[in-house]
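Report on the structure given below.
The values are calculated or read from the model by the stated rules, or taken from the named source; none is laboratory data. Model, not experiment: these values are computed from the prediction. Note: ideal-geometry Cβ built from the backbone for every residue, glycine included; neighbour counts use all protein chains shown. Just so you know, the surface numbers come from the protein's heavy atoms only, side chains and all, with ligands and any DNA or RNA stripped out. Shrake-Rupley method; radii C 1.70, N 1.55, O 1.52, S 1.80 Å.
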Amino acid sequence: MTAINDLKTQIIQAWIELQQQTPLVQCITNTVAANYAANVLLACGASPAMVDNPYEAESFTRVSNALSINIGTPTSEQMQAIRISAATAHQQSIPWVLDPVGYSSILKWRSEMTQSLLNFVPSVIRGNASEIACLAGDETKAKGVDSTQSSADTYHTATALLKFTSCVAISGESDFIISNDLPHIVKVSGGSALQPKVTATGCALGALIAAYCAVAPTAIATIAAHVHFAIAGQLAAQKSQSIGIFNVAFLDELHCLSTTKLEQYMQIDFV
Amino acid sequence: MTAINDLKTQIIQAWIELQQQTPLVQCITNTVAANYAANVLLACGASPAMVDNPYEAESFTRVSNALSINIGTPTSEQMQAIRISAATAHQQSIPWVLDPVGYSSILKWRSEMTQSLLNFVPSVIRGNASEIACLAGDETKAKGVDSTQSSADTYHTATALLKFTSCVAISGESDFIISNDLPHIVKVSGGSALQPKVTATGCALGALIAAYCAVAPTAIATIAAHVHFAIAGQLAAQKSQSIGIFNVAFLDELHCLSTTKLEQYMQIDFV
Amino acid sequence: MTAINDLKTQIIQAWIELQQQTPLVQCITNTVAANYAANVLLACGASPAMVDNPYEAESFTRVSNALSINIGTPTSEQMQAIRISAATAHQQSIPWVLDPVGYSSILKWRSEMTQSLLNFVPSVIRGNASEIACLAGDETKAKGVDSTQSSADTYHTATALLKFTSCVAISGESDFIISNDLPHIVKVSGGSALQPKVTATGCALGALIAAYCAVAPTAIATIAAHVHFAIAGQLAAQKSQSIGIFNVAFLDELHCLSTTKLEQYMQIDFV
């Protein structure tokens, strides 16, 4: 209990820091998520900048507080930018998050790039259960970019990824965060069944993890981002059961989070 | 009357199949529509994946249940992907929809690509009246990517396209669907005058036609997608007469369609 | 007073012209803003077309009523299109707006392109205070693509840009418009503190300035676009204090502007 309460205190502190510091987060992301991820970061308290060309990647990563890389709809120029920015973040000890969208044997180009990016030691690797399991070496089935696998069935396998990163996060009905900096695997509950029906929520979550990594230790930051999403999803679903209004309410709730709501609604457990 | 009632039954069945099968739909689309089309597909019951690079196009089309190609803001890499995916879909008998956004003598690059794609026999060609008339060989005037022509004035001309595809759909105040598999031209009524004031609705409709094509015969699928949009537009307009709220309500209504609503609100006629 | 009242009359007239003419506006913009800017233009009465490839740039600019160039997430192909379209607009006397997103010593590629575009004499240069000050030769600090500087501190410096353009607009808590065609610097008040929390509002404003430039003299057009945004922001904020709902209401208010609202809420002053 003490350890969990201590964790909760650190998560609340991370949220306070995010509001105070409004870190600059470079996002290299896909065309589906670009607008949504920027709005989510602004709503949550960060300052997004979607700089994704190879000619400005190095200089911009150097001045960013964190980097979020999402390989959702890659172009050749984005791929060059991804490599440069990941290398720069690694050299400069700037925290960075890798979201290997669609990692699978079907989508080889991005999957080979994802593999090679592990050399630059992402601070966090986050994905859905299919992506994480496949990256951890487990042959799984995905349906395009959506998971067909449960997050709860994947966290054991995911441990294999801790040799490439200090933190792995699997999003799903419940979210699981795994890190050598944590005494146990952490499970984050809450959210809403409507979240997977809104596109790019996972992509935006990856960007938010990066934002938190700029203001808090990696494992705490990763849990905090998931808690932020889970509470907003839960409260938004109380206002609406249909996806149009839910999505509007979700952005509102991301924006209106408070220490009081964090204390009241945060659901984290050790597995 | 019997033929129309039979058609209505098949459309309701197509919607049921879409909910049950949640087909994987590869979308190669423009930067304006990417997020919106993905949300529309999720709302309607399909599983979208915006894979639009030439390096993964073939392998991904092979595992997709349908393909939607929209030439709205093409890049050179997208153009390569479009050609590869269309060819793959043709070879593998995977249904695919062609939306020749902005087809005209002014926009030559995309128009020449559109012409060459006819060799891969799109299952459906859909567009606004200006695009369809121009593709059918009628010199018309478009205003950028918006139509200046009525859908009702175009369907006779559009018949010429049936040598390249099994189905042509013209969206507008009323929608018209033409196919050799139908005894007559079908007119879909409903919708709202606000729909053209929301960008990318036509593009999202193209993706939805592809989704239905994965679960129903081409002509039925095409009508079903237009009916799905028309009912959602009509019910959303009852909730709001301004475009911000209309757009939110439209997504809600796409998501909340039911067999009851289909029976009550479907407006289709033979011309 | 007379001069201000005369200005107000011309602004109302510009809005009326926009509704009547629905000008075709070519937008070369970033992936974050593409959908949003298109919806803003449709809501305000214009006809957007996001044609941003080099192969169609010249022919499309020739038939457009105005051009909006936003260097937010440039690609090599977009950069080619930007140069071609700006040159074409200049040659054909088509009004065009330059939005130098992120102009700074950190983002060299876009900043060098921005410099070279000044040769094609943009009708309007618009940006936030950091971008405009930096472009005017003042070393300032930006935070990524967000301004860290006040618009009120920048308008004196910005005068230096009038040798490259006939109008400079600085958006911020209040907006300032500077032009040799105006007797004084014009300050536009209104709006909402929530606007900077919604991504791409500045980018959409640039596109809207271009739309107004198609139907009114440049300085009047630029003020009119800022007034349109300021009133919509103010009225939307009265409906909601959280950003999800605010953003929906903002689009509604952009759409529902009227001469009555313009007369009642327009706040412009000479500085």
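Structure data summary
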{"read-out": "5 angstrom amide H check on B:CYS167, placed H, neighbours 5+ away", "value": "B:ILE125"}
{"read-out": "Zone residues, region B:1-44, relative to B:HIS184, backbone N less than 18 Å from point 7 Å out along Cα-to-Cβ", "value": "B:1-11"}
{"read-out": "Convex hull per residue volume in Å³, alpha carbons only, for chain A", "value": "106 Å³"}
{"read-out": "Dipole magnitude (debye, nearest 20) for region B:2-270, charges at Cβ of Lys, Arg, Asp, Glu", "value": "140 debye"}
{"read-out": "D_trans [Stokes-Einstein, Kirkwood Rh over alpha-carbon pairs] for region C:9-123, 37 °C, 0.692 mPa s, µm² s⁻¹", "value": "227 µm²/s"}
{"read-out": "Cβ-placed point charges (K, R +1; D, E -1), dipole of the protein assembly as shown about Cα centre in debye, nearest 20", "value": "20 debye"}
{"read-out": "Other copies of B:GLU58: label-to-label distances in nm, shortest first, labels 7 Å along the beta-carbon direction", "value": "3.5, 3.5"}
{"read-out": "Volume in Å³ per residue [convex hull over Cα atoms, computed for the protein assembly as shown]", "value": "135 Å³"}
{"read-out": "Under Karplus coefficients 6.51, -1.76 and 1.60, residue-wise ³J(HN,Hα) of region B:185-191 in Hz, glycine/proline x", "value": "5, 9, 10, 10, 10, x, x"}
{"read-out": "In order through region C:84-95: 3J(HN,Hα) via Karplus (6.51 cos²θ - 1.76 cosθ + 1.60), integer Hz, x for Gly, Pro", "value": "5, 5, 5, 4, 5, 4, 4, 4, 8, 6, 8, x"}
{"read-out": "Accessible carbon and sulfur surface of region A:55-96 relative to its total accessible area, %, 1.4 Å", "value": "46 percent"}
{"read-out": "Exposure rule at most 14 other beta-carbon atoms within 10 Å, DSSP loop GluC sites (Glu not before Pro): chain A longest free segment", "value": "A:1-138"}
{"read-out": "Rounded if a/c under 1.5, otherwise prolate or oblate - region B:81-236, Cα gyration tensor axes", "value": "rounded"}
{"read-out": "In region B:240-271, the chymotrypsin sites (Phe, Trp or Tyr not before Pro) that fall in loop regions by DSSP, at most 10 other Cβ within 10 Å", "value": "none"}
{"read-out": "Sum of side-chain charges, A:PRO196 neighbourhood, beta-carbon under 13 Å (Lys, Arg +1; Asp, Glu -1)", "value": "-1"}
{"read-out": "Förster radius 25 Å - calculated FRET efficiency between C:LYS143 and A:GLU58, Cβ distance, rounded to 0.05", "value": "0.85"}
{"read-out": "Cα centroid separation - region C:132-175 against region C:229-250, whole Å", "value": "25 Å"}
{"read-out": "Rounded to whole Hz, the Karplus (6.51, -1.76, 1.60) HN-Hα couplings of region C:103-117, x for glycine and proline", "value": "3, 4, 5, 6, 9, 6, 4, 5, 6, 5, 4, 4, 4, 5, 6"}
{"read-out": "5 angstrom amide H check on A:GLY72, placed H, neighbours 5+ away", "value": "A:ASN30"}
{"read-out": "Eligible lysines near A:LYS143 by straight Cα distance, threshold 23 Å, same-chain separation 8 or greater", "value": "A:LYS108, A:LYS197"}
{"read-out": "Region C:132-173, dipole about Cα centre (Lys/Arg Cβ +1, Asp/Glu Cβ -1), debye to the nearest 20", "value": "120 debye"}
{"read-out": "Highest-MSF residue in chain A out of A:TRP109, A:TRP15, A:TRP96 [GNM, Cα springs under 10 Å]", "value": "A:TRP109"}
{"read-out": "Local net charge near B:GLN91, Cβ-Cβ under 12 Å (Lys/Arg +1, Asp/Glu -1)", "value": "0"}
{"read-out": "Share antiparallel - DSSP beta bridges, chain C, percent rounded to 5", "value": "40 percent"}
{"read-out": "Label-point separation in nm, B:SER116 to C:ALA87, each point 7 Å along Cα→Cβ", "value": "2.5 nm"}
{"read-out": "Förster radius 30 Å - calculated FRET efficiency between A:GLU263 and A:GLN241 (Cβ-Cβ, nearest 0.05)", "value": "0.70"}
{"read-out": "Per-residue [θ]222 nm for the protein assembly as shown (sum of -39500 (n - 2.57) over DSSP H runs n ≥ 4, rounded to 500)", "value": "-15000 deg cm²/dmol"}
{"read-out": "Local electrostatic count, C:VAL168, Cβ distance below 15 Å [Lys/Arg +1, Asp/Glu -1]", "value": "-3"}
{"read-out": "Whole-number percent relative contact order across chain A, with pairs defined as alpha carbons under 8 Å at least 6 apart", "value": "21 percent"}
